[in-house]
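Contents: one structure, followed by commentary.
The values are calculated or read from the model by the stated rules, or taken from the named source; none is laboratory data. Note that the structure is a prediction, hence the values are computed from the model and not measured. Cβ placement follows ideal geometry from the backbone for every residue including glycine, while neighbour counts extend to all protein chains displayed. For the accessible areas, the whole protein counts, side chains as well, though only heavy atoms, and no ligand, DNA or RNA atoms are used. Shrake-Rupley method; radii C 1.70, N 1.55, O 1.52, S 1.80 Å.
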Amino acid sequence: MNSTVTQSQPAEFSPLRFPASPFSGGGSVDLLNPATATRLTTVQLADRNDTDQAIEHAHRASAPWSAIAPGERARLLRSFASAVEENLEELAWLEVANSGHTISNARWEAANVRDVLNYYSAAPERLFGRQIPVAGGLDVTFHEPLGVVGIIVPWNFPMPIAGWGFAPALAAGNTVVLKPAELTPLTAMRLAELAVEAGLPEHVFTVIPGPGAVVGDRFVTHPLVRKVSFTGSTSVGKQIMRGCADQVKRLTLELGGKSANIIFDDANLEVAAATAPGAAFDNAGQDCCARSRILVQSTVYERFLELLEPAVKAFRMTDPASADAQMGPLISASQRDSVLAHLDGANVAYRGATAGPSAGFWLPPTVVLPDTAEDALWRAEIFGPVVAVMPFDDESDAIQKANDTEYGLSGSIFTSDIGCALRVARGVASGNLSINSHASVRYWTPFGGFKQSGLGRELGPDAPNSFTDVKNVFIATDD
Ligand code: NAD
């Protein structure tokens with residue numbers, strides 16, 4: 001790979017302004033630009049003491065925040081959304097530099113935060129309880145905020161995943177402490193600044209950069225944090241679930257995936273082949289919803305592989321700052337090495353572009369043909385630009401093979417038979433399925449995993465309720 005081309009940036013964002021961390025007890029970390037492997041900036045980190053203080057401040061801010069009139073809390077969230085809109089380009093370019101995301105993805109991600117804030121700004125005025133018929137009085141329920149909510153975010157989609165947690169949690173009247181991933185804290189830190197600029201009271205939304213084992217762990221163990229919303233690997237999620245048990249702490253888990261893209265022989269094969277690379281390699285495959293297993297009906301298996309090859313080779317892996325980039329680098333050298341280790345000895349069918357434009361953490365899109373369903377390439381969440389293809393015989397074989405995994409996050413079904421599509425969608429044990437499409441996440445529909453892909457749901461109309469406890473109140477009317 002050559003290092004002659006450096007990453008481009010528009011003049012108004014060069015050099016980028018980096019948000020400052022208000023914490024410093026935990027030392028500092030250098031962040032690298034994944035596209036060039038050069039130092040971007042240094043971020044000061046929080047230690048346990050900083051984290052405890054931030055949690056205590058958030059606790060003190062929670063009663064006044066939940067007491068703000070619903071219409072006023074709604075207005076403040078809309079004001080926060082407007083601040084994101086006004087700074088959308090800056091947020092997007094920060095993500096290109098910090099995470100190696102393509103500029104088109106990064107713009108979508110910043111816009112997603114804006115949209116999610118606007119969507120949940122309607123929630124404070126709609127946090128309805130119920131009136132339940134009882135004898136001798138009136139029975140009503142309230143959705144009471146929990147207090148301080150701790151949100152732990154991974155590095156693969158730093159902005160949207162933060163927003164999916166903090167927007168409904170704030171709307172429901174909680175204060176939020178949020179820990180970004182060690183590698184990608186910058187956009188979350190900037191969002192915290194924007195929240196204050198938009199008028200949210202101090203300590204209502206605090207971003208605390210620091211190690212998972214220090215800051216994230218403190219969200220689990222600190223008694224003033226009433227709920228943890230964790231997105232990340234299944235192994236860390238299990239550890240957090242065990243920790244939350246001590247205090248019966250509320251918990252949402254969004255974990256790993258190994259989702260199937262199931263293609264029947266009556267599908268529009270051209271469309272299925274043209275869209276499969278995007279579904280597997282978007283964000284360099286570092287996507288919990290990546291369709292990293294392609295199941296093709298055996299009658300069209302060879303034909304599908306022929307159609308897939310030009311689509312993979314045309315997938316544009318290039319400078320993520322380019323408007324036409326479809327794929328940038330991986331997040332780090334260690335992530336690239338972990339993916340490369342999976343490819344050692346693999347039966348590779350073909351690869352896409354073989355070199356990135358600079359000295360960053362590049363790996364080409366790769367299609368592999370595992371020999372058996374026991375192959376780690378078929379079973380493990382590789383979290384890189386690798387997709388495995390395997391044939392199936394009929395509908396029941398497709399469902400059996402799709403379900404032969406500990407995960408159950410998303411998946412796609414391509415067929416022209418709507419009956420088959422619905423039977424397979426009902427048969428696949430997965431939280432989010434798309435028929436003749438790869439759409440996974442819309443903020444107004446629920447999102448989450450079956451089996452070891454998670455616990456609870458984010459997004460959709462009910463998300464604010466998951467940041468509340470239901471209180472039942474009976475008022476006697478009879479003497
Ligand atoms: P990770 O589990 O290593 O880290 C996730 C976050 O947890 C980071 O902020 C990390 O600092 C923190 N953390 C680490 N150890 C901790 C501990 N002991 N206590 C508390 N916090 C701790 O995951 P990652 O490598 O950052 O992200 C990749 C994983 O995230 C993949 O498995 C991917 O599938 C998953 N993911 C899932 C979804 C989803 O919605 N289901 C979305 C995106 C990513």
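Among residues of the range 87-101 that are farther than 17 Å from Trp155 by Cβ, those with a Cβ under 8 angstrom from a residue that is outside any helix (DSSP H, G or I) and basic (Lys, Arg), sequence gap 6+ or separate chain, pair up as Glu90/Arg17. Can you tell me which residue in the range 383-405 is most open to solvent (accessible area, probe 1.4 Å), limited to those that are closer than 22 Å to Gln335 by Cα and in a loop (DSSP other than H, G, I, E, B)? Once the filter is applied, the top-ranked residue is Phe383. Checking the range 231-246 against the condition returns no match, with no residue being in contact (Cβ under 8 Å) with a residue 12 or more places away in the chain, away from the ligand (no atom under 14 Å from the Cβ) and surrounded by fewer than 24 Cβ atoms within 10 Å (Cβ to Cβ). Would you confirm whether any residue within the range 276-284 is touching a Pro at 6+ places or on another chain (Cβ under 8 Å), open to solvent by less than 60 Å² (accessible area, probe 1.4 Å) and not assigned by TED's automatic domain parsing to the domain that holds Asn436? So far as the range 276-284 goes, no, none of its residues is touching a Pro at 6+ places or on another chain (Cβ under 8 Å), open to solvent by less than 60 Å² (accessible area, probe 1.4 Å) and not assigned by TED's automatic domain parsing to the domain that holds Asn436. Taken together, the residues in the range 408-426 that are open to solvent by 30 Å² or more (accessible area, probe 1.4 Å) and in contact with a helix residue (DSSP H, G or I) (Cβ under 7 Å, 6 or more places away or on another chain) amount to 1.
Only one of the numbered conditions (1) in contact (Cβ under 8 Å) with a residue 12 or more places away in the chain; (2) not polar (S, T, N, Q); (3) not in a strand (DSSP E or B) is violated by Val196, and that is (1). Which residue is nearest to the ligand (Cβ to nearest atom), if the candidates are limited to the range 146-180 and must be surrounded by fewer than 24 Cβ atoms within 10 Å (Cβ to Cβ) and either assigned to a strand (DSSP E or B) or among the hydrophobic types (A, V, I, L, M, F, W, C) (or both)? Per the stated criteria, the residue is Trp155. Would you check if Asn436 is assigned by TED's automatic domain parsing to the domain that holds Phe281 and touching a residue at least 24 places away in the same chain (Cβ under 8 Å)? In short, yes.
The residues in the range 213-245 that are over 20 Å from Cys288 (Cβ atoms) and hydroxyl-bearing (Ser, Thr, Tyr) can be counted, and the count is 1.
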